[in-house]
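**Student:** Got a structure for you, written out below as structure tokens; questions coming shortly.
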Amino acid sequence: MEKNEIVRLVKERSGTDARKCMKCGKCSGRCPAYHDMDIKPHQFVSYIEKGEIDKLMQSKSLYTCLSCFACVERCPRGVAPANVIEAVRQEVIRQQGGNKIMAETVPSMIDETIPQQLLVSMFRKLNK
Amino acid sequence: MQKIGVFVCWCGSNIAATVDVKKVAEVLKAEPGVVISENYQYMCSENGQALIRNAIKEHGLTGVVVCSCSPRMHEATFRKTCESAGLNPYMVEIANIREQCSWIHKDIEEATEKAIILGRSAIAKLKLNAPLTSGESAVVKRALVIGGGIAGIQSALDIAEAGFEVDIVEQSPTIGGNMAKLDKTFPTLDCAACILTPKMVDCAQNEKIDIMTFSEIESVKGFVGNFKVQIRRKARFVDEKKCTGCGECMQKCPSKKGLNDFNMGLNTRPAIYIPFAQAIPNVAIIDPEQCLKIKNGKCGLCAMKCNVNAIDYTQKDEIIEREYGAIVVATGYKPISLENFNEYGYSSYKDVVTSLELERLMNAAGPSDGHLVRPSDHKEPKVITFIQCVGSRDTSGCGKPYCSKICCMYTAKHAMLIREKYPDTEVHVFYIDVRTPGKNYDEFFRRAVEQYGVDYIKGMVGKVYEENGKLMVQGSDLINNEQVVIPSDLVVLAAAIEPNPSVRNIATMVTASIDTNNFLTEAHAKLRPVESPTAGIFLSGVCQGPKDIPETVSQASACAAKVIGLLAKDKLKCNACVSHSDEMLCTGCSVCANVCPYGAITYVDKEFRLGGGKTEVRRVATVNDAVCQGCGACTVACPSGAMDLKGFSNKQIMAEVDAICKR
């Protein structure tokens, strides 16, 4: 797929308008997984607006983001950094292929050790 | 036979770039009744107006259509032009081909077609226009200022200076407003009380100014030059005329647990109190919720101690009615409630305070006598962290979408004053942008950084939490690309400001328009910034938009100048486009009188001939021309179609619609 098309898809799937960002950094100020991220939440918003999708798709942050949505909750401009991270992660997984989760298989995967955030994130994926 | 002149304006390129103005003039020339059709670069210019005047004289025009900008902009201009050439000013119609055409369309062909249709519609209406003359009404030479903060005080002083009487109506027990609570003022750092209290005293001593504190506007009727206002003087349970402000009652009052509003609730006050030492009027007031005598009849100590018998536990609210020629709205602001911002811990931790609370903590007349201590344990804070833009520039729905404008400067002021007075204190400021436009403003901010060593961190705070007795402020440092945590002793939030909530009610009463953020709207954002679109209503201070003290004072004086200009007139020209009732159709149902916002409609019993020598007495509506503002509410409400508006009759409007629909 062409790079611009991926950017377009990620923007569309995240449902967020990165141009609304006023670069205050509150998302990264709040993020509990900040220190485990190579690209920080506010940078996801900035990079997607600049179309730098390659960097994002290779980022380790895709797998360290807790999907706690604190950044979404706190953003004063209604931008949703976690949704961008989520959309990039989704795109990476889709490109790998064969990794789709079926709704029916979810209950069997649940055990007490799974963080609630993971479940929330999973259902978000299934909703799309 | 009608002789109509059509004048199409280019408005430079504003219209001409999107509308083929020559074609519009050409096509409209062919309309029946049109004898001359011209186009010109700037119709509102002296040359453009001369073009119209000459055409009126040369062709003996009976009516003029100007295809130009909105009638709000230049209708009055062109009416005057025609009047000077001997044509009745109400024989002018404006076709708005700028705001409603060229500015909103891109396609030249479409825009040109629309401009022609708008022109035709104006011609159709003009053909049914009749010359109108406006009556006159007297001007009551007294102004009402709603709100006694620095804006209201300055407006009142300037109006009184010109020799007119002014009443200040203030809802709290003293004038002074928010400015009275401030410690120092930027950018010169003079003490707020030192520059404000002399003005307050001037108000009290000026014989032209009548101050009514602890009072609210109950209702407003009438129109420009002739407002009738009811004012509720709330019971303060102390006779204002007798009380000398000695303060003996405050000492004796046993019920001392009321929150001191003036100190932002940071300490307590007795049930009978004087808000602060320099209060105007310097008169006590009783909080009935807290007074033991009023609540359960047991006490009465203050009445016993009062040497002048000023205490009156049975005092009731009193409503007085006064007449005014002009009304100034100066209702000011308040910091927003921080309930939507739990991340900063304002409601959880005592040592998270707002900037206005910090003003009181630093003020010599404040709860700690000017010694900066934190509220929880009264110890001196060693690390203070400021958070800016708390609720400002917030489009998430938690705060306000606008910039509150004053916070950058007062935060720099606070940071600087603290570093000056307590040099061993560490001061950090989290900011998104530092906005300091204004004379000596950026220099002021830079001084805080360069001379006083205040640590400015570009980034927003994500959360504030407590750990080992410290307030941990966790936020972004975007320049260093780090997440930082600053253990602090005191956290200060620069809360957004919003218009005083009372302004909504007042705007409704005076029929002034208000925007989505509850700021009052100006008649023109650039050219008429201190007037409301409603004639006779003027705007002073933050009720119109966020502004600091120098700007507020400038605006308050500008507002006073407008009021003086109005009050200096003996007579005002009334609106000629008033409504009238067709007595043969009127059934006397009272619907129109009920919807009339100006109280212009009354009913009379009138005798009508039925023929055959018989008569009938019927109740019919009559309109007071001097009071009617031509809003048209009655014409819409009238069930029998008896009400009609001169200059905007039903027939004229239908003719316009027909002209638009006809191809």
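No value in this document is a laboratory result; all are computed from the given coordinates. This one's a predicted model, so the numbers in the text were calculated from it and none came from an experiment. Cβ coordinates were reconstructed from backbone atoms using ideal geometry, including for glycine residues, and neighbour counts include every protein chain displayed.
**Student:** Evaluate the relative contact order of chain B (contact order divided by residue number), counting alpha-carbon pairs under 8 angstrom at least 6 apart; express in whole percent. Mind dumping the intermediate values first?
**Tutor:** Numbers: 1452 pairs, mean separation 86.4, N = 663.
Computed over chain B, the figure is 13 percent.
**Student:** As an exercise, use a Förster radius of 30 Å and the Cβ-Cβ distance of residue B:347 and residue B:70 to find the FRET efficiency, rounded to the nearest 0.05. Mind showing how you got there, number by number?
**Tutor:** On the way: r = 48 Å, r/R0 = 1.60.
The value I calculate is 0.05.
**Student:** For segment B:462-566, go through all pairs of different Cα atoms, get the mean of 1/r, take its inverse, and jot down that Kirkwood value in Å.
**Tutor:** Numbers: mean 1/r = 0.0592 Å⁻¹.
By the Kirkwood definition, the hydrodynamic radius is 16.9 Å.
**Student:** Give me the one-decimal nm value for the distance between modelled label points at residue B:403 and residue B:371, 7 Å along each residue's Cα-to-Cβ direction.
**Tutor:** Placing both labels 7 Å along Cα→Cβ, they lie 4.0 nm apart.
**Student:** In whole Å, what are the extents of segment B:372-467 along the principal axes defined by its C-alpha atoms, from largest to smallest?
**Tutor:** In descending order, the Cα extents are 37, 37, 19 Å.
**Student:** Beyond 24 Å, what share of the Cα-Cα pairs of segment B:335-498 remains, rounded to the nearest whole percent? List each step's numbers first, then the result.
**Tutor:** Details: 3905 of 13366 pairs.
Of all Cα-Cα pairs in segment B:335-498, 29 percent lie more than 24 Å apart.
**Student:** How high is the relative contact order of segment A:1-68, in percent, counting Cα pairs under 8 Å that sit 6 or more residues apart? Let's see the in-between values first.
**Tutor:** Working: 45 pairs, mean separation 23.7, N = 68.
Here the relative contact order equals 35 percent.
**Student:** Please work out the Kirkwood hydrodynamic radius for segment B:59-182, using every pair of different C-alpha atoms, and report it in angstroms with one decimal place.
**Tutor:** On the way: mean 1/r = 0.0533 Å⁻¹.
The answer is 18.8 Å.
**Student:** Follow-up. Under 28 Å from the Cα of residue A:3, which lysines turn up, not counting those fewer than eight places away in the same chain?
**Tutor:** Cα-Cα hits under 28 Å: A:11, A:20, A:23, A:40, A:50, A:55, A:60, A:100, A:125, A:128.
**Student:** Taking a threshold of 30 Å on the Cα-Cα distance, which of the pairs B:234/B:573; B:569/B:606; B:3/B:80; B:421/B:470; B:181/B:470 fall above it? Don't jump to the answer; show the numbers that get you there.
**Tutor:** Details: B:234/B:573 37 Å; B:569/B:606 37 Å; B:3/B:80 19 Å; B:421/B:470 22 Å; B:181/B:470 28 Å.
Cα-Cα > 30 Å for B:234/B:573; B:569/B:606; rest within.
**Student:** Please get the size of the charge dipole for segment B:413-531, origin at its Cα centre, with Cβ charges of +1 on Lys and Arg and -1 on Asp and Glu, quoted in debye to the nearest 20.
**Tutor:** Working: 13 positive and 17 negative charges, 90 e Å.
The dipole magnitude comes to about 440 debye.
**Student:** Separate question: Please report, to one decimal in angstroms, the Kirkwood hydrodynamic radius of the protein assembly as shown built from all distinct Cα-Cα pairs.
**Tutor:** In the protein assembly as shown this quantity evaluates to 31.6 Å.
**Student:** Based on the Cβ-Cβ distance from residue B:295 to residue B:622, what FRET efficiency comes out when R0 is 56 Å, to the nearest 0.05?
**Tutor:** On the way: r = 53 Å, r/R0 = 0.94.
Efficiency at R0 = 56 Å is approximately 0.60.
**Student:** Right, another one. Set the Förster radius R0 to 41 Å, insert the Cβ-Cβ distance between residue B:446 and residue B:308 as r into 1/(1 + (r/R0)^6), and round the FRET efficiency to 0.05.
**Tutor:** The formula returns an efficiency of 0.15 here.
**Student:** Expressed in nm², what is the orientationally averaged projection area of the convex hull enclosing the Cα positions of segment B:301-417?
**Tutor:** Working: hull surface 54.9 nm².
Taking the Cα atoms of segment B:301-417, their convex hull projects to 13.7 nm² on average.
**Student:** Treating cross-link reach as a plain straight distance, find the aspartates and glutamates whose alpha-carbon is under 19 Å from the alpha-carbon of residue B:114, omitting any fewer than eight places away in the same chain.
**Tutor:** Counting by Cα, and skipping residues close in sequence, residue B:114 has these aspartates and glutamates nearby: B:20, B:26, B:31, B:38, B:93, B:99, B:656, B:658.
**Student:** Step by step: find N for segment B:4-126, compute 2.2 N^0.38 Å, then divide the Cα radius of gyration by it. What's the final number? Walk me through the intermediate numbers first.
**Tutor:** Details: Rg = 12.8 Å, N = 123, 2.2 N^0.38 = 13.7 Å.
In units of the 2.2 N^0.38 Å rule of thumb, it is 0.93.
**Student:** Hey, another quick one. To the nearest µm²/s, what D does Stokes-Einstein give for segment B:100-249 at 37 °C and 0.692 mPa s, using the Kirkwood radius over alpha carbon pairs as Rh? Write down the numbers at each step before the final one.
**Tutor:** Values: Rh = 20.1 Å.
Estimated via Stokes-Einstein, D reaches 163 µm²/s.
**Student:** What is the gain in length, in nm to one decimal, between residue B:103 and residue B:525 on full extension, counting 0.36 nm per residue of separation less the C-alpha to C-alpha distance?
**Tutor:** On the way: separation 422, 0.36 × 422 = 151.92 nm, distance 1.81 nm.
Working it through step by step, the gained length comes to 150.1 nm.
**Student:** In nm, give the distance between the simple-model label positions of residue B:205 and residue B:42, each being 7 Å from the Cα along the Cα-to-Cβ direction.
**Tutor:** 5.0 nm
**Student:** Something else about it: Taking the Cα centre of chain B as origin, work out the dipole magnitude from +1 charges on Lys and Arg Cβ and -1 charges on Asp and Glu Cβ, in debye rounded to 20. If you can, show how the numbers build up before the last one.
**Tutor:** Working: 75 positive and 76 negative charges, 267 e Å.
In total the dipole reaches around 1280 debye.
**Student:** Can you compute the charge dipole magnitude of the protein assembly as shown about its Cα centre, using +1 on each Lys and Arg Cβ and -1 on each Asp and Glu Cβ, nothing else charged? Give it in debye, rounded to the nearest 20. All intermediate terms of the calculation are to be shown ahead of the outcome.
**Tutor:** Details: 96 positive and 91 negative charges, 173 e Å.
Computed charge dipole of the protein assembly as shown: roughly 840 debye.
**Student:** P(r) for chain A, please, calculated from all Cα pair distances in 5 Å bins and given in %.
**Tutor:** Per 5 Å bin, starting at zero, the Cα-Cα P(r) for chain A comes out as 2, 11, 22, 23, 21, 13, 7, 2, 0 percent.
**Student:** While we're on this one: Multiplying the sequence separation of residue A:35 and residue A:92 by 0.36 nm and subtracting their Cα-Cα distance, what value in nm do you get?
**Tutor:** 18.3 nm
**Student:** Separate question: Per 10 Å bin, what is the whole-percent P(r) computed from every C-alpha pair distance within chain B?
**Tutor:** Cα pair-distance distribution for chain B, in percent: 3, 13, 18, 19, 18, 13, 10, 5, 1, 0, 0.
**Student:** So who's got an amide H within less than 5 Å of the one on residue B:328, skipping anything under 5 residues away but keeping other chains? H placed 1.01 Å off N, in plane.
**Tutor:** B:144, B:145, B:146, B:538
**Student:** If you take the Cα atoms of segment B:516-562, find Rg, then find the Kirkwood Rh from the mean of 1/r over all pairs, what is Rg/Rh?
**Tutor:** Ratio of gyration radius to Kirkwood radius for segment B:516-562: 0.93.
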